[in-house]
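The values are calculated or read from the model by the stated rules, or taken from the named source; none is laboratory data. As the structure is a prediction and not an experimental result, all values here were calculated from the model. Backbone-built Cβ (ideal geometry, glycine too); neighbour counts: all protein chains shown.
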Amino acid sequence: MLLIECPCCGVKAEETELSPGYEAHLKRFGPGSTDEEFEAYMFARKNPKGVHFERWRHAYGCGKWFLAARCTATLEVFGTYPAQVGEPPADIIEKIKARRPDWKGYK
Amino acid sequence: MSTRLSKGGRLIDRSAALEFSFNGKRLKGYRGDTLAAALLANDQMLVGRSFKYHRPRGIVAAGPEEPNALVNLGSGGRLEPNQRTTVTELFDGLEAASQNHWPSLEFDVGVVNNYVSRFLPAGFYYKTFIHPRPFWKHVFEPIIRQSAGLGSAPKDRDADRYEQAYAFCDLLVVGGGIAGLQAALVAGRAGARVLLLEQAAHWGGRAPVDGDVIDGKPAGDWVDAAVAALEGMENVTLRARCMAAGVYDHGYVLADEKVADHTPGDGRPKHRLWRIRAGKILTATGAIERPLSFAGNDIPGVMLAASVRDYVVNWAVSPGDRTVVVTNNDDGYRTAIALREAGLAVPAIVDARANPAGDLVAKARSLGLRIEAGRGIAKVKGGKRVTSVAICLQAGEGAVIDEIACDAVAMSGGWSPVVHLWSHCGGKLTWDTANACFRPDPARPPLNHDGGAMVHVAGAANGAMKAAEALLDATAAAEAAVTALGMKPKKAKAPVAEAVAEGPMEAVWIMPQGASAELKAKMWLDYQNDVKVSDVQLAAREGYESVEHTKRYTTLGMATDQGKLSNINGLAVLAQALNEDIPQVGTTTFRPPYTPVTLGALAGEARGEIFQPLRRTPMHEWHERNGAYFEPVGLWRRPYCFPRAGETHEQAVHREVTNTRERLGLLDASTLGKIIVKGPDAGKFLDMLYTGVMSTLPVGKCRYGLMCNEQGFLSDDGVVARIDEETWLCHTTSGGADRIHGWMEDWLQCEWWDWQVYTANVTEQYAQVAVVGPNARKLLEKMGGMDVSKEALPFMQWADGRLGGFPVRVYRISFSGELSYEIAVPASHGAAFWAALHAAGAELGAMPYGTEALHVMRAEKGFIMIGDETDGTVIPQDLGLDWAISKKKEDFLGKRGQQRTFLASADRWKLVGFETLDGSVIPDGSYIVAPGVNANGQGKTQGRVTSTYYSPTLKRGIAMGLLHRGPERMGEVVEFNTVKGGTVKARVVNQVFFDKDGEKQNV
């Protein structure tokens, strides 16, 4: 049962307090997008064994959505940060690079 | 025979005699006994039958690893099957019964399986499942069902209660032997919050039994002092009878505390399930002795050597008068010495090693014990009890050198560290060649959220088998764990255990090593599931190379003991058969729980009325008082109908519909979701959320809206009211409020976070009543306080005011097709308002109606219901709701999804109504059949029913459903299949069956 810190209220929340929101940093494609763009937005999800960026909601806490960088293989949590950003913060990127020298970046 | 010795027994209190029964026989034991010890004291070695061959089974072990001695414990509401007698504490009045035999333990019919055992080889089930099929169904299955199965399932409600609790600590130490106690002392002195768990009722583990000496005194004295010291530390909690069942992600541990197993009915909870969150976990879980594989090693009287010692030292029970010890290591000699010191006969120590040497061997020699070095057991003789052993050369093929009369055999095949908790979350193992065992690999521990080691390990669980090593290991492990927690270990004098020089053990997987096939077919690996050396070798010959496959094929390690005794021996035999090294073959996966946890503990208090939280509307008690029949709607309980005396539910529903259509019905609609959306950008936001336009809705008006997910599928619907310039109130379905509120927040927080919008789910802040029927307006006028006329409050408008003194918001909306007002009051007024409406409405024919009448009336009007007409694959266009989808808006959630070719196509199943030709009701779930068959030879379909009811208004069956190009096929007759066979013919019609022009609601 994962332990993830909510960056909005600072609570170290148990997994049962959170609801998962799957992959983070998706770009929405609406009307006017090609079939390929829409398919990629809707269905093509990363499923890495290793570093992954995810959305979580502190559903039974402060109610805020936030983002987390986590290793899907070892369950190490590299950090959490607010959802209102376009890409992972630099300090978290640095931390991941230090812990996982082979990591190829979040894109 | 096994019996109670006249002296000794460190755990029993001879002044406290207890009575208990086994298979109805009244027996005596002492306080401090386990049930197994008390049974042995009464010469009850035979305690059960094996699963497959129904062979006689005796007690093998003295701890939780016991595979054989399982009983039905208690009776009635306190019956528990498969309870291990070796960990069951004796209490006065305990009732136990043996399992898996018929008609009796002594004489068992199923034992014929033993004589046909060559027809029940490994993979028997797989082989007979495959062919010939009828043979399985008519021959094997009935026989196996009759004879298989452990224990009997309780039929009564559990008479006990269980509770759950949370605990938090810096360091969780699992295991209260000397390693665990020392680790807890080190961590406790460093100031860490320590929780120490021990599965047994007493502390100290094996050391006091093994005669270890610590700091110059008997180990028991050191244990007592350590426990006293720990109890004196405020930051340390000790919990005995508490088994750590599983280690989960990020330091989460489940532990099962057996609070009142030994004091049933004293009012305390039977078990307490602890949910522990630990900074670090230190496992000092010890080791389990392995059996040796020789022919007849399952005959009652053959026991693990250290367990024999436990019975003698802890409970003053002699398993036999003459015990032959067979071993491949020095530890077995401890048992021989303990037996001799208790005045019992040890006719021989059969040692598989050619040149045993060491302090214990020397001591045995000095006691004059006969040591048969380089020898093994060719065969154990006996039926329900050992009578003798035949000995042979270990290096040979089993030619008998000598036969020794005895009534017990103590075997030791070496020790396997208990690595379960280390492994649950991915800790890896390494092969220890010297001790022939797997132990935790310190380089590959399970990891915590910070990437550091989550579990540390100490003592025998880490392969440090001797007391002296274990104490040193525990000190080092605890210091490492405390340091990793950011604390500083205090300098203290570490306890020193007297070193005992032991000779090396020698791995023995088959005894004798060149045993014949006939002998191997009597060498048991898994006692409970009847898996033998020959079965594993057969699996290897048949191509099972993976240990996981072999496990499932042979059922090795799949019994209730989960292979605690059989695992390593089994995979060693497999490795030999595959001609590979043991580490290459590897182990099967260790999964929680370590020992079985009763379902009662997992359920805790969540049973009966408090199984799950219930949501009640403010009017719930009125419904209960007035005989409502409830149905669950999410966590809500809503009245399905209000049956009167002598009425069936169906009759009640028909009465409620008719009364509402002709006079006046009142519905508790409080569960309807209510979400306030407010802010400068609220209109823009709702235009994205709904398929229609909400920003243009004038203040004071209502509009029906649809919400879709991004794929375009319909997800929720409801009426939206514009409250003021910046505020909208969105009604959602009863089950959808929380989901839709979460959905709104998702988009506002993650996608359009610069939009100024605030949402609040106020579902429970308001009670809501639908006042429905021709007399609805009359009732509100009688209540008085505001103008509810057609002119003042037309259809699809709302108004604030007072009715009968209550502060109300009245929405003129209708889900029934009748003149209808939905009236919201603050929740605290709900019950009083509801009662006032009934009081005033009595003379107008007011009756409450339930959800089923609501469904029937909305179906008569052709209104869709989320979850009936939708199932996550239906778009609004399928339901003829194109009018509620804006064509002007550039974007809304689901718009792009609906543009996908297969959704935009006209070639889809679409909503229509159905009238059966004979007036009957189409069964729920029916499909509309189409000509021809598909690739699997199944009949084709062209649609399905989504809502089907008897209409008391039209006095016939009505239905809605999805039909391929349905709206183009009005008047056509189609056929619905039925579960019973045959079809029902129905005509395709418009889905609005009643009052097509809306004259009844527009008055």
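Those helices (runs of 4 or more DSSP H) of the stretch B:526-628 in which at least 3 residues are more than 30 Å from B:Asp261 (Cα to Cα), considering only elements entirely within it, cover B:533-541, B:547-554, B:567-578, B:582-585, B:620-625.
Per-residue answers, yes or no, for (1) among the acidic types (Asp, Glu); (2) free of Cβ contacts under 8 Å to residues at least 12 places away in the same chain; (3) crowded, with 16+ Cβ neighbours inside 10 Å; (4) closer than 30 Å to B:Gly427 by Cβ:
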position	(1), (2), (3), (4)
A:Lys64	no, no, yes, no
A:Arg70	no, no, yes, yes
A:Phe78	no, no, yes, yes
A:Ala83	no, no, yes, no
A:Gly86	no, no, no, no
A:Tyr106	no, no, yes, yes
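Residues are listed down the side, and each one gets a yes or a no for (1) part of a strand (DSSP E or B); (2) within 14 Å of another protein chain (Cβ to nearest Cβ):
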position: B:Arg661; (1), (2): no, no
position: B:Gly665; (1), (2): yes, no
position: B:Ile675; (1), (2): yes, yes
position: B:Gly683; (1), (2): no, no
position: B:Val693; (1), (2): no, no
position: B:Cys702; (1), (2): yes, no
position: B:Glu710; (1), (2): no, yes
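For B:Leu70, the conditions (1) closer than 23 Å to B:Asn529 by Cα; (2) over 28 Å from the mean Cα position of the chain (by Cα) are fulfilled apart from (2).
A quick yes/no check of all residues on (1) within 14 Å of chain A (Cβ to nearest Cβ); (2) over 46 Å from the mean Cα position of the chain (by Cα); (3) farther than 22 Å from B:Ser670 by Cβ:
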residue	(1), (2), (3)
B:Gly736	no, no, no
B:His741	yes, no, no
B:Met744	yes, no, no
B:Trp752	yes, no, yes
B:Gln765	no, no, no
B:Gly773	no, yes, no
B:Asp787	no, yes, yes
B:Lys790	no, yes, yes
B:Arg812	no, yes, no
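When the stretch B:853-882 is filtered for residues that are charged (D, E, K, R), touching an Asp or Glu at 6+ places or on another chain (Cβ under 9 Å), part of a helix (DSSP H, G or I) and more than 18 Å from B:Leu664 (Cβ to Cβ), only B:Asp878 remains.
Per the listing B:Ser886, B:Ser920, B:Ser905, the residue uniquely within 14 Å of chain A (Cβ to nearest Cβ) and among the hydroxyl-bearing types (Ser, Thr, Tyr) is B:Ser886. Going by the conditions given, is B:Ser926 closer than 30 Å to B:Glu822 by Cα, at pLDDT 95 or above and within 40 Å of the chain's Cα centre (by Cα)? Here the answer is no, as B:Ser926 does not meet what is asked.
Evaluating B:Arg309 against the criteria (1) outside any helix (DSSP H, G or I); (2) more than 14 Å from chain A (Cβ to nearest Cβ); (3) charged (D, E, K, R) leaves one unmet condition, (1).
Restricting the first member to the stretch B:245-269 and to residues that are on the phi > 0 side of the Ramachandran plot, and the second to residues that are crowded, with 20+ Cβ neighbours inside 10 Å and not in a strand (DSSP E or B), the beta-carbon pairs closer than 7 Å and six or more apart or on different chains are B:His250/B:Asn448; B:His250/B:His449; B:Gly251/B:Asn448; B:Gly251/B:Met454.
A quick yes/no check of all residues on (1) in the same structural domain as B:Gly246 (by TED's automatic domain parsing); (2) buried (at least 24 other Cβ atoms within 10 Å of the Cβ); (3) not aliphatic (A, V, I, L, M):
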{"residue": "B:Pro512", "(1), (2), (3)": "no, yes, yes"}
{"residue": "B:Asp526", "(1), (2), (3)": "no, yes, yes"}
{"residue": "B:Ala540", "(1), (2), (3)": "no, no, no"}
{"residue": "B:Lys551", "(1), (2), (3)": "no, yes, yes"}
{"residue": "B:Thr587", "(1), (2), (3)": "no, no, yes"}
{"residue": "B:Pro592", "(1), (2), (3)": "no, no, yes"}
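The residues of the stretch B:421-451 that are within 9 Å of chain A (Cβ to nearest Cβ), over 21 Å from B:Ile288 (Cβ atoms) and not aliphatic (A, V, I, L, M), listed by number, are B:Gly426, B:Asn448, B:His449, B:Asp450, B:Gly451. Got at least one residue in the stretch B:405-412 being surrounded by 23 or more Cβ atoms within 10 Å (Cβ to Cβ), assigned to a helix (DSSP H, G or I) and outside the structural domain of B:Ala245 (by TED's automatic domain parsing)? Looking through the stretch B:405-412, none of the residues is surrounded by 23 or more Cβ atoms within 10 Å (Cβ to Cβ), assigned to a helix (DSSP H, G or I) and outside the structural domain of B:Ala245 (by TED's automatic domain parsing).
Taken over the stretch B:778-804, the criterion of being touching a Phe, Trp or Tyr at 6+ places or on another chain (Cβ under 9 Å) and free of Cβ contacts under 8 Å to residues at least 60 places away in the same chain is satisfied by B:Leu780, B:Met783, B:Gly785, B:Val788, B:Leu793, B:Leu803, B:Gly804. Within the stretch B:625-678, the set of residues being polar (S, T, N, Q) and touching a Phe, Trp or Tyr at 6+ places or on another chain (Cβ under 8 Å) comprises B:Asn626, B:Asn659, B:Thr660, B:Ser670, B:Thr671. Among the numbered criteria (1) farther than 30 Å from B:Lys52 by Cα; (2) in contact (Cβ under 8 Å) with a residue 40 or more places away in the chain; (3) touching a strand residue (DSSP E or B) at 6+ places or on another chain (Cβ under 8 Å), which one does B:Arg439 miss? Of (1) farther than 30 Å from B:Lys52 by Cα; (2) in contact (Cβ under 8 Å) with a residue 40 or more places away in the chain; (3) touching a strand residue (DSSP E or B) at 6+ places or on another chain (Cβ under 8 Å), only one is false for B:Arg439: (2). Among the residues of the stretch B:53-73, those that are assigned to a loop (DSSP other than H, G, I, E, B), surrounded by 22 or more Cβ atoms within 10 Å (Cβ to Cβ) and not β-branched (Val, Ile, Thr) comprise B:His54, B:Arg55, B:Ala61, B:Ala62, B:Gly63, B:Glu65, B:Glu66, B:Pro67, B:Asn68, B:Ala69. Residues in the stretch A:43-62 that are surrounded by fewer than 16 Cβ atoms within 10 Å (Cβ to Cβ) and facing chain B (nearest Cβ under 10 Å): A:Phe43 only. Within the span defined as the stretch B:556-573, every residue fails to be of a type outside the set (A, V, I, L, M) and farther than 21 Å from B:Phe51 by Cα. Annotation: B:Ala721 fulfils all but one of (1) in contact with a helix residue (DSSP H, G or I) (Cβ under 8 Å, 6 or more places away or on another chain); (2) assigned to a strand (DSSP E or B); (3) more than 19 Å from B:Val633 (Cβ to Cβ); (4) in contact (Cβ under 8 Å) with a residue 60 or more places away in the chain; the unmet one is (1).
Checked against (1) at pLDDT 95 or above; (2) within 13 Å of another protein chain (Cβ to nearest Cβ), A:Asp91 passes all but a single condition, namely (2). Applying the criterion of being among the small types (Gly, Ala, Ser) and part of a loop (DSSP other than H, G, I, E, B) to the residues of the stretch B:1-21, the residue that is surrounded by the most Cβ atoms within 10 Å (Cβ to Cβ) is B:Ser2.
When the stretch B:957-983 is filtered for residues that are farther than 15 Å from B:Pro931 by Cβ, modelled with pLDDT under 95 and either surrounded by 14 or more Cβ atoms within 10 Å (Cβ to Cβ) or not aliphatic (A, V, I, L, M) (or both), the ones remaining, listed by number, are B:Thr978, B:Lys980, B:Gly981, B:Gly982.
Within the stretch B:557-596, restricting attention to residues that are among the hydrophobic types (A, V, I, L, M, F, W, C) and under 23 Å from the mean Cα position of the chain (by Cα), the residue that is modelled with the highest pLDDT is B:Phe590. The set of residues in the stretch B:689-704 being of a type in the set (Gly, Ala, Ser) and either crowded, with 17+ Cβ neighbours inside 10 Å or touching a Leu at 6+ places or on another chain (Cβ under 9 Å) (or both) consists of B:Gly692, B:Ser695.
The sole residue among A:Ser33, A:Ser19 that is over 20 Å from B:Cys750 (Cα atoms), facing another protein chain (nearest Cβ under 9 Å) and not hydrophobic (A, V, I, L, M, F, W, C) is A:Ser33.
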